[in-house]
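Here's the structure we're looking at; comments come further down.
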Amino acid sequence: MTHPAVSEGAMRGAVHSIEEQLKAVDDANIRASMLMLRRHEKDFILRRDPKYIEGYGQEGETFTALVKKAFKPGVQRMRIMDAFEIYRDAFRLYADASLKEAESRRLVSEAYTALEPVTQRFSPVSQRKRR
């Protein structure tokens, strides 16, 4: 499992690269799409709700189409799309690791809750033995 902090760093680096390269074109729709991607990313990080993963995926398709429309095939488009692929993959890894971690925590909590009555039965016995 990938540590979320590693994915966060990759996302941040890729986004900064994309934003730098988008300065070459004056297209409010591409900038708005990038902001929506960031919004879905941040909402997922804060809420851990899978609906933001879906929103991110849909907006990613929009972003890709806008970049292909605004940039002719060539080095600049390739650099943007390569950076976007890194960003998208890092987000997916982050989201996957976060959801797996949440599920693991839930399972541990359930196991502890199931064991708690048993451990409480032994607690008075162990306290008497110490005296």
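In summary, GLU85 fulfils each of the numbered conditions (1) more than 15 Å from GLU19 (Cα to Cα); (2) of a type outside the set (Ser, Thr, Tyr); (3) out of contact with any Ser or Thr (no Cβ under 8 Å at 6 or more places or on another chain) with the single exception of condition (1). Of note, LYS100 satisfies the criterion of being in contact (Cβ under 8 Å) with a residue 60 or more places away in the chain and among the charged types (D, E, K, R).
No value in this document is a laboratory result; all are computed from the given coordinates. Note that the coordinates shown come from a computational prediction; the quantities given were computed from them, not determined experimentally. For neighbour counting, all protein chains shown are included, and Cβ atoms are generated from backbone atoms with ideal geometry for every residue, glycine included.
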